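The values are calculated or read from the model by the stated rules, or taken from the named source; none is laboratory data. Just so it is clear, the model here is predicted, and its values are computed rather than measured. Neighbour counts are summed over all protein chains in view; Cβ atoms, including those assigned to glycine, are modelled from backbone coordinates with ideal geometry.
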Amino acid sequence: MEKPIKIEDYKPEWVSEFEQEKARIMEALKNYPLFVEHIGSTSVEGLGAKPILDIMAGVHHLDEVDMFIEPLQSIGYVFVAHKEFPERRFFRKGQWRAGTHHLHFYKYGSEQWKNQLSFRDYLRTHPNVRNQHQQ
């Protein structure tokens, strides 16, 4: 039987935790130009969330991500292949079903990249929708 999903009240610490993790990722991948954003429920002030930080990194070409597997392993990330999402590369930090961070790579500026930011920004600027999303 799987563990029930736990939704926690919004925690302002999620912002600083994201900034710290972003710095670790940028250091591990310092030879590669990256664009890094905080996405998902933990990125929306006032929204309850699973306590998993979702981080999105943009690259010029998804093929570049193959070179990131080893450096990201050194800071605790595991590459998880998802053939059903060909426009995304995914890494998890922590145990399966008990991870602490999800790292999503998309092509910078792609439709998928823009959709992630648009959804986050919409919830940030529309509290009524944010509250409905949480229910």
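Quick notes on this structure:
- Condition met for Tyr108 (over 30 Å from Pro4 (Cβ atoms) and either in contact (Cβ under 8 Å) with a residue 60 or more places away in the chain or of a type outside the set (A, V, I, L, M) (or both)): yes
- A single entry from Tyr122, Tyr32 fulfils the requirement of being out of contact with any Lys or Arg (no Cβ under 8 Å at 6 or more places or on another chain), under 24 Å from Glu19 (Cβ atoms), loosely packed, with under 14 Cβ neighbours inside 10 Å and among the hydroxyl-bearing types (Ser, Thr, Tyr): Tyr122.
- First in segment 115-129 and more than 13 Å from His104 (Cβ to Cβ), second anywhere and modelled with pLDDT of 95 or more and surrounded by 14 or more Cβ atoms within 10 Å (Cβ to Cβ), Cβ under 6 Å, 6 or more apart: Leu123/Val44; Arg124/Val44
- For Glu87, the conditions (1) over 16 Å from the mean Cα position of the chain (by Cα); (2) part of a loop (DSSP other than H, G, I, E, B) all hold with the exception of (1).
- Within segment 47-64, restricting attention to residues that are closer than 16 Å to Gly109 by Cα and among the aliphatic types (A, V, I, L, M), the residue that is surrounded by the fewest Cβ atoms within 10 Å (Cβ to Cβ) is Leu62.
- Residue pairs whose Cβ atoms lie under 6 Å apart, sitting 6 or more positions apart in sequence or on different chains, and linking a residue in segment 12-40 that is in contact (Cβ under 8 Å) with a residue 12 or more places away in the chain and within 15 Å of Tyr77 (Cβ to Cβ) to a partner that is crowded, with 17+ Cβ neighbours inside 10 Å and of a type in the set (D, E, K, R), are Val36/Lys22.
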